[in-house]
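First comes the structure, then the notes that go with it.
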Amino acid sequence: MALIILISTGLFILAVGGYFTMLYNGLIMVKNNIDKAWANIDVLLKQRHDEIPKLIDVCKGYMDHERGTLEAVIRARQGVMGAQGPAAMGQAEGALQTAMRQLFALAENYPNLKAQSSFQQLQERVSALESQIADRREFYNDSVNTYNIRIQSMPDAFVASMLHLIPREMYKVDASEREDVKIDFMNGGRKG
């Protein structure tokens, strides 16, 4: 009888230990997925940031009267490169995307620029990178959401508190990124 109790107790302890190990490994996996997703966003942002100076150089010769737009793109790019964390990155990205939309909208007013193959290739490359960045943002936010739910739900919350895991920030779109770009082609600049 004592042997059966001893074996039962041992199996119970083994099962509980295995369960907590499974919870621990699951939390670590989700936490690492967030880090991986953020690194993937960084890679694409770096690629896009490398393309922006090329795009600006191509536009400079054609858009003499659009210095403000070109400078806004350069400033916004620098802001993104210096941003730390999802909130700051989201805000800086919003400013850059607004500046880029402004640039592409103004390029419509310059038929020779639009017809140039290097501009077309760079515009397509930047647009493709934007699409990939949006996909990576979605994966990042899904990973953060899963992680935040798990560390706040029982029984994962118990293991998360032992590991001092805290909720992560979602990558949010800045309000300016949701606005339409308004162009006044008569004055060669942006309105409102």
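The values are calculated or read from the model by the stated rules, or taken from the named source; none is laboratory data. All figures in this text were calculated on a predicted structure; none of them were measured in a lab. Here Cβ is always computed from backbone atoms with ideal geometry, including for glycine, and neighbour counts include all displayed protein chains. Surface accessibility is based on the protein's heavy atoms, side chains included, excluding ligands, DNA and RNA. Shrake-Rupley method; radii C 1.70, N 1.55, O 1.52, S 1.80 Å.
General remarks:
- Peptides 98-104, 18-24, 145-151, 125-131, ordered by how many other C-beta atoms sit within 10 Å of their residues on average, highest first, read 98-104, 145-151, 125-131, 18-24.
- Rounded to the nearest 20 debye, dipole of the chain from Cβ charges on Lys, Arg, Asp, Glu: 160 debye
- Long-range amide H partners of K172 with built H, under 5 Å: G90
- Ordered from highest to lowest accessible area with the whole protein assembly present and a 1.4 Å probe, F119, F12 read as F12, F119.
- The count of lysine pairs in the chain with alpha-carbon distances below 27 Å, taking only pairs 8 or more places apart or on different chains, stands at 19.
- Ordering P86, L11, F119 by the projection of their Cα atoms onto the charge dipole of segment 1-147, which places +1 on the Cβ of Lys and Arg and -1 on the Cβ of Asp and Glu, puts L11 at the extreme positive end.
- The chain: angle of helix 85-107 to the longest principal axis, Cα-based, in degrees nearest 10: 30 degrees
- Surface composition of segment 35-166: carbon plus sulfur atoms hold 52% of the accessible area, using a 1.4 angstrom probe and ignoring ligands, DNA and RNA.
- Gyration tensor verdict on the chain (Cα atoms; rounded if a/c is under 1.5, prolate if a/b is larger than b/c, oblate otherwise): prolate
- Placing unit charges on each Cβ (+1 for Lys and Arg, -1 for Asp and Glu) gives the chain a dipole about its Cα centre, and among C59, L106, V73 the Cα reaching farthest toward its positive end belongs to V73.
- The residues of the chain present an accessible area of 58 Å² per residue when probed at 1.4 Å with all protein chains retained.
- At the residue level, E108 shows approximately 100 square angstrom of accessible surface with a 1.4 angstrom probe and all protein chains present.
- With a cut-off of 14 Å between beta carbons, the residues surrounding V30 carry a summed charge of +1, where Lys and Arg count +1 and Asp and Glu -1.
- Between segment 87-132 and segment 27-47, the alpha-carbon center distance in angstrom: 24 Å
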